[in-house]
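**Student:** Structure provided below as structure tokens; questions to follow.
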Amino acid sequence: MASKKVLIVGPSWVGDMVMAQTLFKLLKQKKNTRMLHVLAIPWTLSLVERMPEVDQVIPLPIGHGEIKLAKRYEIAKTLRSFHYDQAIVLPNSFKSALIPWLARIKKRTGWLGESRFFLLNDIRRLDTSRHPLMIDQFMALGLDKSEILPDPTSFYPSFPLSEKTRKTTIEKHKAHIRNRPILAICPGAAYGPAKQWRASYFAEVANHQINAGWDVWLFGSTQDKEIASEIMIQTKHQCENFVGRLALAETIDLLALVDGVISNDSGLLHIASALKKPIVAIYGATDPSFTPPLSNKATILKLELPCQPCFKRTCPLKHYRCLYDLKPEQVITSISAWKIEYARFIN
């Protein structure tokens with residue numbers, strides 16, 4: 001079988017891009033892919049660059065939801081020189097399939113969606129009973145239609161770690177490393193408040209762990225600065241606040257140092273899962289049966305209310321009980337079950 005050159009049109013969300021690594025691994029390990037390029041939006045570039053399966057990351061400087069047809073045509077013309085054998089389009093939108101079509105890539109694979117019949121010529125019809133998880137749906141696009149999906153656990157996301165890059169990140173951001181366990185708190189949720197646990201609840205857990213002899217580090221994007229500030233105030237500024245300060249690759253470096261993670265259903269949850277950290281994953285409006293943390297060290301906390309999951313950005317019933325009725329004591333109990341064996345990177 002001749003080796004292939006493949007272009008992946010990557011997803012926009014950080015967590016989805018982490019889970020897309022299952023497809024990248026499948027293509028490199030099982031499908032004789034010689035060249036694997038990923039088209040990625042700017043804020044996911046440093047993340048994809050940490051994935052050894054990817055030979056080249058190509059920036060897509062177009063915001064979420066923007067068409068910018070002229071820019072897409074310009075990128076497509078540049079991509080023609082690579083002579084790809086196949087493009088795999090992971091998002092289901094019409095616009096995400098434009099560049100492979102404009103680049104004249106011979107085989108263009110993706111799920112049926114948004115009237116993109118003429119843009120794709122290897123259209124798949126999704127059977128969610130056969131492919132219930134997001135990683136199932138991503139990996140299936142790397143197979144022929146008749147092929148059976150392999151065991152996905154063999155392709156779970158993972159990041160190689162470098163002591164050199166960790167040291168650089170520690171020094172750059174002046175992270176304080178002490179001979180104490182570290183709890184990472186990831187309080188943000190880009191999708192909306194229906195996925196975001198209360199700042200006061202995160203602060204209560206943080207204060208409990210600080211009193212138990214832990215350090216607490218806060219992680220997140222610039223969009224999470226407000227909730228991080230609330231947590232800092234309620235913990236009397238005893239946490240180390242990295243929110244809005246780190247590139248995703250640097251987040252990997254520092255999360256690799258922590259001993260456990262509390263997170264909403266967010267991109268950082270899936271990065272922590274790939275790093276095989278003990279996790280407490282808090283689910284409100286979304287469903288862990290579709291995008292669970294891919295780790296056997298994760299504890300999922302989710303209430304079973306009749307209105308869950310609604311998959312809405314804001315609570316349609318205005319009460320947010322799926323999050324507010326999930327109390328800090330439940331998280332603290334889950335943390336107490338962690339088996340912590342920490343070894344510090346100190347220099």
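**Student:** What's the number of the condition Gln223 fails, among (1) part of a helix (DSSP H, G or I); (2) polar (S, T, N, Q); (3) more than 21 Å from the chain's Cα centre (by Cα)?
**Tutor:** (3)
**Student:** Would it be correct to say that Ala76 is assigned by TED's automatic domain parsing to the domain that holds Ala274, of a type in the set (A, V, I, L, M) and more than 18 Å from Leu26 (Cβ to Cβ)?
**Tutor:** no
**Student:** For region 99-209, please list each of the strands (runs of 3 or more DSSP E) lying entirely inside it that holds at least 1 residues being surrounded by 19 or more Cβ atoms within 10 Å (Cβ to Cβ) and touching a Cys at 6+ places or on another chain (Cβ under 8 Å).
**Tutor:** Numbers: elements: 107-111, 122-124, 182-186.
Fully inside region 99-209 and qualifying: 182-186.
**Student:** Turning to a different aspect of this structure: When you go through (1) at pLDDT 95 or above; (2) of a type outside the set (S, T, N, Q); (3) more than 16 Å from the chain's Cα centre (by Cα) one by one for Lys4, which number turns out not to apply?
**Tutor:** Of (1) at pLDDT 95 or above; (2) of a type outside the set (S, T, N, Q); (3) more than 16 Å from the chain's Cα centre (by Cα), only one is false for Lys4: (1).
**Student:** Another one. Condition (residue is free of Cβ contacts under 8 Å to residues at least 40 places away in the same chain and under 20 Å from Val48 (Cβ atoms)) applied to region 79-91: is it met by at least one residue?
**Tutor:** For region 79-91, residues free of Cβ contacts under 8 Å to residues at least 40 places away in the same chain and under 20 Å from Val48 (Cβ atoms): absent.
**Student:** From the list Lys277, Lys312, pick out the single residue that is in the same structural domain as Ala203 (by TED's automatic domain parsing), of a type in the set (D, E, K, R) and at pLDDT below 95.
**Tutor:** Exactly one of Lys277, Lys312 is in the same structural domain as Ala203 (by TED's automatic domain parsing), of a type in the set (D, E, K, R) and at pLDDT below 95, namely Lys312.
The values are calculated or read from the model by the stated rules, or taken from the named source; none is laboratory data. Just so we're clear, the structure is a prediction, and the values are computed from it rather than from any experiment. Cβ coordinates were reconstructed from backbone atoms using ideal geometry, including for glycine residues, and neighbour counts include every protein chain displayed.
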